[in-house]
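A short write-up of the structure that comes next.
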Amino acid sequence: MARFELLGTATIPGKGSQLRLLQRNDEFSIKIAGSTGELMNSRLHGSEDALATLACERVADHPAPRVLIGGLGMGFTLAAALGALGETAEVTVAELVPEVEQWNLGPLGSAAGYPLKDVRARVHIGDVVELIKASPASYDAILLDIDNGPEGLTRKENDWLYTAPGIAAAQAALTPDGILAYWSAGQDPAFTERLKRAGLSVEPVTVRAHRPGKGAKHVIWLAW
């Protein structure tokens, strides 16, 4: 079997940890240097696809829907969102690590079909929290695929998004008929209750990491 080859490295702002992009034939992997396992793999994106489709299908009939995605990753969530939305949509992706955008414009982009080349796609290099706080009543859907979910893995600062103030800020950034969608590597009943205490209707959905219906079970919270 071929070995993974290192294509690039990037430092996670505010933490100092290093992301490593690797490729083996047509398979890509992103890892955190010094950690076991993978942060993401191009063959395991079923739950990222579901994050986008479950939320975007609910707002696809809105006039000129605006969608915000927290985290570019390997581009699968963006690609799925664009696939679920019409020609008048605008999808903004907030990505904290500049190199991740460049990776998606380069060889990594082939994994998801180069969604950044779509004229409906926008990239904001910076923290998604900045856009959420600065954009009252602006987005029909906000999709948050940040870190590992409520239990942060790469950056402690990410935890704020899953607190009561973070949820309130995301609510304020939604249009009246908007929807929030959160991705997580696993169940978190406390987060479900936190969403309900914010006055949201909540639907936790279990999805598989690998299509069709295979791989680890991940969770997507839909909240409106």
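Bear in mind these aren't lab numbers, they're just calculated from the coordinates by the rules spelled out. These figures come from a predicted structure and were not determined experimentally. Here Cβ is always computed from backbone atoms with ideal geometry, including for glycine, and neighbour counts include all displayed protein chains.
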Under 12 Å from the Cα of K117 - aspartates and glutamates, other chains or at least 8 residues apart: E101
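Report relative contact order for segment 17-68 in percent, whole number only (criteria: Cα-Cα under 8 Å, sequence separation at least 6).
Numbers: 42 pairs, mean separation 10.6, N = 52.
Once normalised by length, the contact order is 20 percent.
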Most to least packed among 91-103, 115-127 [average Cβ atoms within 10 Å]: 91-103, 115-127
In sequence order, calculated HN-Hα J values of segment 101-109 (Karplus, 6.51, -1.76, 1.60; Hz; x Gly/Pro): 4, 5, 4, 6, 7, x, x, 4, x
Sequence-distant residues sharing a close amide H with V207 (under 5 Å, placed H): H218, V219, I220
Under 5 Å, built H, 5+ apart or other chain: amide partners of T175: S138, Y139, D140
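Pairs of alpha-carbon atoms within less than 8 angstrom and 6+ residues apart define the contacts here; what relative contact order does segment 1-141 have, in percent? Don't jump to the answer; show the numbers that get you there.
Numbers: 251 pairs, mean separation 28.8, N = 141.
20 percent.
For the chain, what is the calculated [θ] at 222 nm in deg cm²/dmol (nearest 500), taking -39500 (n - 2.57) for each run of four or more DSSP H residues and dividing by its residue count? Spell out each step's value before the answer.
Details: 7 runs with 59 residues, N = 224.
Estimated from H runs of four or more residues: -7000 deg cm²/dmol.
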Sequence-distant residues sharing a close amide H with M40 (under 5 Å, placed H): I30
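If contacts are Cα pairs under 8 angstrom and at least 6 residues apart, what is the relative contact order of segment 94-206 in percent? All intermediate terms of the calculation are to be shown ahead of the outcome.
Numbers: 121 pairs, mean separation 27.9, N = 113.
Over segment 94-206, the number comes to 25 percent.
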Cα-based Rg and Dmax for the chain, where Dmax is the largest Cα-Cα distance (Å): 16.4, 52
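Which percent, nearest 5, of DSSP beta bridges in the chain are antiparallel?
Details: 27 of 46 bridges.
DSSP beta bridges in the chain are roughly 60 percent antiparallel.
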